[in-house]
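Derivation of every value follows stated rules applied to the coordinates shown; laboratory data play no part. None of the values given here were measured: they were computed from a predicted structure. Glycine also receives a Cβ, built like all others from the backbone with ideal geometry; neighbour counts cover every protein chain displayed.
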Amino acid sequence: MAIRERLSGNEATAVAMKQINPGVVAAFPITPSTEVPQYFSSFVADGVVDTEFVAVESEHSAMSACIGAQAAGVRAMTATSANGLALMWELLYIASGSRLPIVMACINRALSGPINIHNDHSDSMGARDSGWIQIYSETNQEAYDNMLMAHRIAEHKDVLLPVMVCQDGFITSHAIENIELVEDDKVKAFVGEYNPEFYLLNKENPIAVGPLDLQAHYFEHQRQQAEAMKNAKKVILEVSDEFEKMTGRKYGLFEEYNTKDADVCVVVLNSTAGTAKYVVDQLNEQGKKVGIIKPRVYRPFPVDEIVDALAKFKAIAIMDKTDSFNAAGGPLFSDITSAMYAKGVFGPKVINFTYGLGGRDVKAEDVEAVCNEVLKVAETEKVESVYNYIGVRE
């Protein structure tokens, strides 16, 4: 029987880590992710887990320690945000290129400069092409559930890639919500033991990790990594199906909300989806047919599935909580429109809204303005401005 609790997103993540009981957790504090290793260190101090907790001198060192531990043959986990993720940059590529299934909680926060400790998605979106699987979480419950599934996905023989589980800093990380925890024994059975085929401390089959990889082999290794990312989509769905059988909670590559009879759609990540659902409910009561698509899996990007889901709409508004500074829209917008073009889907009109940078409040009226604009585009079949900002003093 599920355990009902009231936890913040950070505490829920730490509880998931406790139930997984990894071999090594290495971490350096940075707001708003600090509480994750802080909570976990109390489990270590109390003897609840047998994890080796490594308090390092920087986030670069935290990921270095995770790489060393995972390469040696044990599960490794960490947590970070914003500038901490940026300091790990070199190691993100080494972890994925070395095919090490590390799991990291990314508590989304704006990247400097100027320095800002509040939420947007500039940190994880900046790392979107680093070879890490990226899973996004609207609520504390989703953050907890995604952490429980992450190792199963990362460690699958057809994947062997690191995973970052993202949630919105302060908005969910520090807010307390009702949550259902899975019993410890069920988590242990679900996650299973980590039994890597290749690892540094296996004296029967010695290997090198991270050797010099020149023209003769580097390209092929990158190609294998790309194929593993493609494989991850199928594995994510398989693990999600098994998780649903255990908990009753269903997860896919993305969530569709009120899309069945909708004329238009808003695409939005993470906690803002909750506000968007509230707004859409109000608009539907007024006879305005608006739906929501909330991506859960951003890497690998579900090209075929999301294009199929979006093709039926007259108009689509894609909301990005970061700016690519490319004068051509945010990353979510760019990926979706690229996918639609590649699949020959040209029917829906598509517009982009950048919102909430640096933790700027995202109000119901902001989302309502986005919905009204995309409804106008559907009605007139004209797009006055493709790239837009909402909630900013122009």
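Tabulated values for the structure
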item	result
The range 196-290: trypsin sites (Lys or Arg not before Pro) in DSSP coil with no more than 15 other Cβ atoms inside 10 Å	Lys203, Arg249, Lys250, Lys260
Equivalent-ellipsoid semi-axes of the chain, from the Cα gyration tensor, Å, largest first	35, 23, 20
Sorted by Cβ neighbour density within 10 Å, fewest at the top, the residues Cys265, Cys166	Cys166, Cys265
FRET efficiency estimate (nearest 0.05) - Cβ-Cβ, Asp184 to Phe219, R0 45 angstrom	0.50
Cα-based reach from Lys157 at 13 Å (exclusive), listing aspartates and glutamates while leaving out same-chain residues under 8 positions away	Glu197, Glu227
Whole-angstrom gap from the range 81-129 to the range 1-56, using each part's C-alpha centre	19
Whole-number percent relative contact order across the range 3-247, with pairs defined as alpha carbons under 8 Å at least 6 apart	24
Subset of Lys186/Lys363; Lys343/Lys363; Lys250/Lys312 violating a 31 Å alpha-carbon distance limit	Lys186/Lys363; Lys343/Lys363
Loop-resident sites, the range 189-260, for chymotrypsin sites (Phe, Trp or Tyr not before Pro), counting at most 14 other Cβ within 10 Å (DSSP)	Phe198
Where GluC sites (Glu not before Pro) fall in DSSP loop in the range 47-92, at most 14 other Cβ within 10 Å	Glu57
Base-10 log of normalised Debye intensity for the range 97-178 (one unit scatterer per alpha-carbon) at q = 0.13, 0.19, 0.26 Å⁻¹	-0.42, -0.82, -1.20
Rounded if a/c under 1.5, otherwise prolate or oblate - the range 254-390, Cα gyration tensor axes	rounded
Within a Gaussian network of the chain (alpha carbon springs, distance under 10 Å), most fluctuating of Thr31, Thr322, Thr247	Thr247
In sequence order, calculated HN-Hα J values of the range 114-127 (Karplus, 6.51, -1.76, 1.60; Hz; x Gly/Pro)	x, 5, 8, 9, 9, 8, 8, 10, 5, 6, 5, 5, x, 9
Fluctuation leader among Ala150, Ala364, Ala45 - the chain, Gaussian network, Cα springs under 10 angstrom	Ala45
